[in-house]
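Bear in mind that the values in this text are calculations on the coordinates, not laboratory data. None of these values were measured; they are calculated from a predicted model. Please note: Cβ atoms are built from the backbone with ideal geometry, for glycine as well, and neighbour counts cover all protein chains shown.
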Amino acid sequence: MPKAVRRTFVLVTTPVALAALLGAAAPASTGSPGAGDPYFPLAGNGGYHVGHYDLTLRYDTGSGRLDGKAVLTARATERLTRFDLDFTGLTVTGLTVGKAKAGFRRSGQELVVTPQRALRKGERFTVTVTYQGKPAPVTDPDGSLDGWIATDDGAFVAGEPQGAMTWFPANNHPTDKSSYDFTITVPQGRTAVANGVLFSRRTVHGRTTFRWHQSEPMAAYLATATVGKFKVEQFTTGNGIRVYNAVDAREAAASAPVLKKLPSVLEWESKLFGPYPFRAAGSIVDHAHNVGYALETQSRPVYDRAPDLSTLVHENAHQWFGDSVSLTSWKDIWLNEGFATYTEWLYAEQHGGDSAQKTFDALYAKPASDGLWEFPPGNPGSGANIFGTPVYARGAMTLHALRTAVGDRAFFLILRAWASGHRYGHGTTAQFEHLAQRVSGKDLDGLFRTWLDTPGKPNRP
Ligand SMILES: [Zn+2]
């Protein structure tokens, strides 16, 4: 095709080339309303990365009203004339990008922001959103509630997988991890517990303000700001980890013997997986039985009731698997739940309980019609199944099958290499398989395909 003809062709057909030829700015980009996760297509957003969230919250436990200000420090990963945040329910009262007022509109869970001028690719910028209202949780595809869940004395706040957006505007997908500051004001007598280290606690005119700092990168779903009437216990472990336990008095008697074991559980897990990833640790034991679950909120899991020991072991195993090493896609959820469940098995095995083999055998004895075999853990099929039994139990069975195939030495090397190699970052199922093959020197493809991807009850390994 002759050059001149081609140029004419380009000129009349593509605005990109036209703009370039005319010396105009690069084409407009509007980011994207999701991070590309097939299970939650609108979760997260494209076009920018949030480095830090500075959240200032005031919660009135009587009326259930929340007043918030979120300052997000972000970097554009492409030129942006517009971008989205995830935010649902509460009323936005103001929005600026840098110091300038920005346009915004709501569309479902998307808060669509139009800055006065386009952001350059690579540009650092701040977004400040002020908001208010009575937060309400979201109902997930499996019917469970997540987000800001009001309780009789405050709120139980847990965000997996979607609920962060019920209390702050976020890039709400685990691919985007950030540091956090929380400044939370509640009526005197209530305690507000977030992630990381408590910086200060100050009471003025009948209100107490708690300032928390989470320095290591955290996915939005792992943030918490749980509020209640809590008994607080603080101490530093021999390894320098700052422990903060907050316990609802109604759960105190039942939880005391379990929480007492937290330092030894963390030490045992550190021996297996490598150093504990965070500066802070602890527990938030609420009295919120309607919630029905505990969550591995980063550095300090939140429990809806007094946990039993295996739940404590499970949620703290997630500090390595799920919190420090994050998912890139919800489909890979077995990397979180299979690992945390297998840690329960290992804990029992090494503390006078059943061997992991015995636990495996008991599960394997379940008939092919059992719910355990309903779908393969590496392919749950939809967001409705990510907390299904196969993800946890068959996910753990997958790790046991791996351990049986490669031997204890290689197996524990693999777990440690996974935790250290992806520390504060992300991992995928394919990367884990690759690592297991590299460390063990074995071809494990058949094993992983059988246990992770093949529907129905696998043949005996
Ligand atoms: Zn879990």
### Query
In whole Å, how far is the Cα centre of region 301-349 from that of region 427-442?
20
### Task
Enumerate the calculated ³J(HN,Hα) couplings along region 190-207 in order (Karplus 6.51 cos²θ - 1.76 cosθ + 1.60, θ = phi - 60°), each rounded to whole Hz, writing x wherever the residue is Gly or Pro.
9, 10, 10, 10, 10, 8, x, 9, 7, 8, 7, 8, 9, 10, 9, 6, x, 10
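Pairs of Cα atoms under 8 Å, at least six residues apart: use those to get the relative contact order of region 172-261, whole percent.
Values: 159 pairs, mean separation 24.8, N = 90.
Once divided by the residue count of region 172-261, the mean separation gives 28 percent.
Residues with beta-carbon under 11 Å from that of residue 33, excluding residue 33: net charge, scoring Lys, Arg +1 and Asp, Glu -1? Walk me through the numbers on the way to the answer.
Numbers: positive: 82; negative: 84, 86, 110.
Net charge in that neighbourhood comes out at -2.
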### Message
Need the full-extension length gain, residue 144 to residue 203, defined as separation in residues times 0.36 nm minus the C-alpha distance. One decimal, nm.
### Response
17.7 nm
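Return the equivalent ellipsoid semi-axes of region 39-149 as a descending list in whole Å, where each equals the square root of 5 times an eigenvalue of the C-alpha gyration tensor. Before the final figure, lay out each step's value.
On the way: eigenvalues 129, 62, 27 Å².
Equivalent ellipsoid of region 39-149: 25, 18, 12 Å, largest first.
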#### Entry: Helix-only CD estimate at 222 nm, as mean residue ellipticity for the chain, using -39500 (n - 2.57) per DSSP H run (n ≥ 4)
-7500 deg cm²/dmol
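Reported to two decimal places, what Rg/Rh ratio describes region 103-148 when computed on Cα atoms with Rh from the Kirkwood expression?
Numbers: Rg = 15.2 Å, Rh = 13.9 Å.
In region 103-148, Rg relative to Rh is 1.10.
Looking at the chain only, what percent of DSSP beta bridges run antiparallel? Nearest 5 please.
Values: 78 of 96 bridges.
Counting DSSP beta bridges with both partners in the chain, the antiparallel share is about 80 percent.
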### Task
Provide the descending list of Cα extents for region 162-204 along its principal axes, expressed in whole angstroms.
37, 20, 12
### Query
Normalised by the residues of region 28-145, what does the relative contact order come to in percent, with Cα pairs under 8 Å and at least six apart?
28
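Between residue 107 and residue 49, what FRET efficiency follows from the Cβ-Cβ distance if R0 is 25 Å, with the result rounded to 0.05? Don't skip to the end; give the middle numbers.
Values: r = 22 Å, r/R0 = 0.88.
So the FRET efficiency works out to roughly 0.70.
One-quarter of the Cα convex hull surface for the chain, in nm²?
Details: hull surface 104.6 nm².
If I average the Cα hull's projected area over directions, I get 26.1 nm².
With the cut-off at 28 Å, tell me which of the pairs 231/358; 177/366; 177/442; 177/358; 331/442 have Cα atoms farther apart than that.
Working: 231/358 39 Å; 177/366 39 Å; 177/442 33 Å; 177/358 38 Å; 331/442 25 Å.
231/358; 177/366; 177/442; 177/358, as the Cα separations exceed 28 Å there.
If I stretch the segment between residue 404 and residue 132 completely, what's the gain in nm (0.36 nm per residue apart, minus their alpha carbon distance), one decimal?
On the way: separation 272, 0.36 × 272 = 97.92 nm, distance 5.38 nm.
Stretched fully, the residue 404-residue 132 segment lengthens by 92.5 nm.
Taking every pair of alpha-carbon atoms in region 330-453, give the share separated by more than 23 Å as a whole percent. Don't skip to the answer; put the middle values down first.
Details: 2085 of 7626 pairs.
Of the Cα pairs, 27 percent sit more than 23 Å apart.
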#### Entry: region 171-181 - phi-based ³J(HN,Hα) in whole Hz, Karplus 6.51/-1.76/1.60, Gly and Pro as x
8, 8, 8, x, 5, 9, 10, 8, 8, 9, 10
## Note on the structure
Normalised Cα Rg of region 229-324, dividing by 2.2 N^0.38 Å with N its residue count, works out at 0.99
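Let me have the relative contact order for region 330-453, percent, based on Cα pairs under 8 Å that are six or more residues apart. If you can, show how the numbers build up before the last one.
Working: 129 pairs, mean separation 39.4, N = 124.
Across region 330-453, relative contact order equals 32 percent.
Give me the number: length gained by fully extending residue 445 to residue 355, i.e. 0.36 nm times residue separation minus the C-alpha to C-alpha distance, one decimal in nm.
Numbers: separation 90, 0.36 × 90 = 32.40 nm, distance 2.60 nm.
Roughly 29.8 nm would be gained on extension.
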### Task
May I ask for the equivalent-ellipsoid semi-axes of region 1-225, computed as the square root of five times each C-alpha gyration tensor eigenvalue and listed largest first in whole Å?
40, 18, 15
#### Entry: Per-selection Kirkwood Rh - region 268-368 (Cα, Å, 1 d.p.)
14.6
